[in-house]
Structure formats: structure tokens, C-alpha cells
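Inspection log for the structure reproduced underneath, given as C-alpha cells.
The values are calculated or read from the model by the stated rules, or taken from the named source; none is laboratory data. Computed from a predicted model, the values in this text were never measured in an experiment. Note that we place each Cβ from the backbone using ideal geometry, even for glycine, and neighbour counts take in every protein chain shown. The area values use the complete protein model at the heavy-atom level, side chains included, leaving out ligands, DNA and RNA. Shrake-Rupley method; radii C 1.70, N 1.55, O 1.52, S 1.80 Å.
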Amino acid sequence: MQIGNQAFTAVQGEDVAFLGTRPIPAKPYYDPDWFEMEREAVFRRSWMHIGHVCELPESGSFIRRELEVLNASLLIVRGKDGQLRAFHNVCTHRGTQLVEEAQGKRPTFSCPYHMWTFGGDGALLSAPDFESFGLDKKDCALKQVALDVCAGMIFVHLGNNPPPLREWLGDLADQMETLPVARATTFSEYSYNIAANWKLTYDNFQENYHLRFIHPRSGRSACGPDNPFGYPKEYAFHDPHRTQTIWTNPDPQPTETIATAFARLAPRAMAEGLMEAPHGRKYFALFPSFFMLGTPLQNFVHVVYPISATQSRGVIRLYWVGEDANASERFGREAVMGVAREVHSEDIAVIEAGQRGLSSGALEHIHFQTQEALCRHLFNMVEAAVNAYRAEQTA
Amino acid sequence: MSLPAGFETLEPFVVTWVAHSASKRDALRTFQSAESRQAFYDAMKPLLVPALERLDTVPLAVHSVEENRLMLLTLSFAHVALAVEVQGPDETKHGINRQRLPISRAPADI
């Protein structure tokens, strides 16, 4: 299919034919029973992104993260030895959650209930009247969770025998290491709660078919006469992950203030060598629910965290290398965060409208076209994982 | 004067548009009237680049109180410019959706 004149050619149907063309069943996008299987088949068997090393700069730094999909509260700590570790935020005495604060710095963690006190390495250091338990302290350490880092980003895995993170990421790991996020020291953040299934939410952000209809103003620069839908140049599949290479509009016509904002971020990016980014036009979609756009001046990460079959939470961060150098950079970062949030704000309502329609049960199937190939690939990957899990359960 | 010399025309906007977090600056954009946004935009736009150039001559950590106020006005302008230049007549509807994405952190707030 040719879109517009010769300047842009969209990805052809035959390029993604291996994904199939079947209608996709609608039920997995709202069915609680399917979601219960996804918890174990998808999320307990995947590395999940939960933070960045810049949040834990010193020994004793900690963050607490909630992973509702696995009913887990996690405590991520930088220990005295400088190592990052993740633990269940659960006292090994009687299960009380140890930490309420979202982040902070402490040498030890004491349970508020009976004052069992743990070190940054998870070891039980002290417990009142401990001799009355008849236990050995070494058997009472916090329950550890697999943690690894790629490109400065912290990932955890709550399943058994996880593969090494870099093996899970494949060649995308080295590509992500070239992006600003790998050297980030600070970030901007906003989030949302949405009454929608995690796949439906995520799919919105991996297709551009909707851009001209939902983002007629904020998405104007992403479309042009050559490419009126703003379709990507390329899709690539790295099972279970996928990427798209975004199209560069030769005449984006940003507003004057947006142009000023990006220009104010360019000196740092040039000085840091960030502009020569071989993967800077790539959208990384890591299974199951992680996105990252690697552009040098607006490197953002967006993770959709499932809560239930029809509830999710999204967290978006824009990562920055170095603290604000001057007023221009401070202005640029505030404005560029606003530009990204401007677009994301427009998506929430239409995703929820889609969920209401699907949850009504009116449809047996939904449909993906060639330019929604990434949505199809996600479903294929999820379905394969659920089917494998089902087979194990019945074996 | 509460702002550095050369930016006197922005004095009437200090009371309303100086806010100390990105979240509050976004709320100003949302809850100020269209007329208030436009008036601030019209006054600030021609002074944005001069303000940044003036502020860039001094490290952020040693900005005077007056310079910090001017900095915060430029940050509020970052939000208001999106309302005026991008959303235009759709700003009211957009504001309703935007409130669902609260800003929890920005480098300027730290």
C-alpha cells in the first residue's frame, strides 16, 4: 500500500503476514478469568520495570513499589555494599508490611508491629525476645526477589528461575544502553488510573491509526501530507518484544514555544553526544507492558500496570541526563514534559470508551489492520503464554 | 519591584502565575479563565527568550528572589503556551482529561 507520494511508504501487509490476519477474540480484553491466567502466565513469568537507579543514589536509599497484578509490595534497597536488591515488603514474623513511605533513606527497616529489624541486605538484625521463637535469624531474612538493571532501568522478576535480564531483552538491551535513560540522573513523572484492560490501554500507544482523530492538535507534527496517519517507517519483532521506528516529518511545524523548548534542550544533548543516537527514533515495546521512546530530547518511558481485568495504572517518566544546568534547560524540561502529557491526556477517555464497549459483550471479535501489527503481536504473545500455562496446569 | 529590571510589564502577573511546583502550574493553566491565560500569554511571550537569556547568566542555585520569580513565570508560561498555541478552543475539554494525569515530579521542583 502506498500512502501519499513517493516520500513515504508504509509497511506492507506481506511484511507482517506471518502474524496472521484472523479476527482477535474480544473476551481476553475484559474477562476476569482470562486476566487471572495472565497474572501467572504473563506477569509472573516476565521481567517488569519498576524504577531507575537514579532513585537509589546512596547506600540506604530505598523505594517502595506496588505491583498490583501480583498482589506484591516490593522494597528496593541499595545496600551498604552498593548492591541493589529487591525484597517483598513483608516482615517475616507475621507478614506486616514494613515500609509505608514511597521512598527514602534508612540504614535499617523495622517492622512497626513488633520491631523486627532488617538490614539493607535483607538480613534479620534484631527482634525483641527473639530467643522465645526457637528460630535462627538467618532463616528469617526478608524474601528476596530477582532484580537486574539494563540502561539504568530496574527490572524485577517474581517467578521461579527467571532467565537473565539481558537474555530476556535480547539485542534490545544493547540498543537501550545507547539512550539517555542509561545515563539519567533525574526525571519528570506523571501517572494515570484508567478503567480499561492493560492490553487495550497498551495497544493505544502502539498504533498511530488513531493519531489524526484523537490528537488533531497535539499530534499535528506527527502527520504530514506524505503520511497523513503518521504511520511508522518500520516494525520489528523480537519475541516477545517488538519495536517500531517512528517517521520523521520533514516539516513538523511545531508551535513557537514548543520549538523554543526543544531548542533549549539541544546544547546539553549535543555536549553529551546524545544527538548521535542510532536508536533515537525507535519505540521499544518490551513484553508485557513497557514502552520507551528513545529520542534524544524527549526520552520517555511509559509502563501500564494491570490492576484488574478492566482497571490499569499508567506511569510515564521523561528521563534527563544531569540536573538542570540553567534556566533554559529547566524551562525546556518543564515544557517538553507538558508536550508529552498533552498527547497522553487525550487518550484516556477514548480507551475507556473502548473498554465500555468491549465489556458489554457485544463483540465476539475485534480487528487489527496492517498498521496495528504491534497490537496483534502483543495478543499473539499473550495468547501463547496463556495457552502454555493452561497446558502445564492440565498436564 | 519583585522582578529583575527589564521585566516590569510582567509585574501584574506575579501574584497569580508564580507557583512553586509543576503540579500547581498545571492547575493554574486549568483553572484560570481563558482571558487570564491569554493576557499572561500575550505579556510573557515576547519576553520569554529575553527572560531565559537573562536568567542563564546566573547559576540556578544562586538566583535571587526576583530571578526565581521570573524563572517560575517562565515555567508557568510553558504550561499556558500549550493551552493557547496547541489546544485553543479545545482547552476546556482538554483540561478535564489532563487532570486525570497528575504530575508527581519535575526537575524544577526538586
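Average accessible surface for chain B: 44 Å² per residue, computed with a 1.4 Å probe over protein heavy atoms with every protein chain in place. Cβ-Cβ distance of residue B:11 and residue A:349, R₀ of 45 Å, FRET efficiency by 1/(1 + (r/R0)^6): the value works out to about 0.70. For segment B:20-109, carbon and sulfur atoms together expose 56% of the accessible surface, with a 1.4 angstrom probe and every protein chain in place. Model label sites at residue A:221 and residue A:113, defined 7 Å from Cα along the beta-carbon direction, differ in position by 5.2 nm.
Per residue of peptide B:54-64, the mean number of Cβ atoms on other chains within 10 Å of the residue Cβ is 3.
Shape class for segment A:1-95: oblate, because the ratio a/c of the largest to smallest gyration tensor axis (alpha-carbon atoms, square roots of eigenvalues) is 1.5 or more and b/c is at least a/b. Counting, for every residue in B:81-94, the Cβ atoms of other protein chains within 10 Å of its Cβ and taking the mean gives 4.
Spin-label pair residue A:39-residue A:96: with each label point 7 Å from Cα along the Cα-Cβ axis, the two points sit 2.6 nm from one another.
In whole percent, and with a 1.4 Å probe on the protein chains, what portion of the accessible area of chain A is carbon and sulfur? That fraction is 51 percent. Per-residue ellipticity at 222 nm, computed for chain A from helices alone with -39500 (n - 2.57) per DSSP H run of at least four residues, works out to -8000 deg cm²/dmol.
Under a 10 Å cutoff between Cα atoms, tell me which one of A:130, A:62, A:43 has the largest fluctuation in the Gaussian network model of chain A. Fluctuation is largest for A:130. Taking a ≥ b ≥ c as the square roots of the eigenvalues of the Cα gyration tensor, chain A is oblate, since a/c reaches 1.5 or more and a/b is not larger than b/c. Note on segment B:20-109: with charges restricted to the Cβ of Lys and Arg (+1) and Asp and Glu (-1), its dipole about the Cα centre is near 360 debye. Can you list the residues of segment A:194-230 with backbone N under 20 Å from a point 7 Å past the Cα of residue A:21, pointing along Cα to Cβ? Under cut-off, by backbone N: A:209. Burial annotation for segment A:236-273: residues with an accessible-area loss of at least 20 Å² between the isolated chain and the complete set of protein chains, computed on heavy atoms with a 1.4 Å probe, are A:255, A:256, A:257, A:258, A:260, A:264. Pairs over the 29 Å Cα-Cα cut-off, from the set A:199/A:282; A:27/A:233; A:27/B:24: A:27/A:233; A:27/B:24. The modelled label-to-label distance between residue B:23 and residue A:166, using points 7 Å beyond Cα along the C-beta direction, is 3.9 nm. For peptide B:17-25, the mean count of partner chain Cβ atoms within 10 Å of a residue's Cβ comes to 1. Result for chain A in a Gaussian network model with C-alpha springs under 10 Å: among A:367, A:344, A:157, the largest mean-square fluctuation is at A:367.
The alpha carbon gyration tensor of segment B:20-109 gives principal lengths a ≥ b ≥ c with a/c of 1.5 or higher and a/b no greater than b/c, which makes the shape oblate. In segment A:323-358, burial by the other protein chains removes 50 Å² or more of accessible area from A:327, A:330, A:331, A:334, A:341, A:342, A:345, compared with the chain on its own (1.4 Å probe, ligands and nucleic acids ignored). Interface of B with A. Using a 1.4 Å probe and counting protein heavy atoms only, the two chains hide about 3500 Å² of accessible surface, both sides summed.
Computed from the C-beta positions of residue A:173 and residue A:239 and an R0 of 22 Å, the FRET efficiency is 0.90 to the nearest 0.05. When you restrict to C-alpha pairs under 8 Å that are six or more residues apart and normalise by the size of chain A, the relative contact order lands at 22 percent. Between residue A:141 and residue A:276, the FRET efficiency estimated from the beta carbon spacing at R0 = 60 angstrom works out to 0.85. Applying a DSSP loop filter and a limit of 14 other Cβ atoms within 10 Å to the GluC sites (Glu not before Pro) in segment A:19-109 leaves A:58, A:100, A:101.
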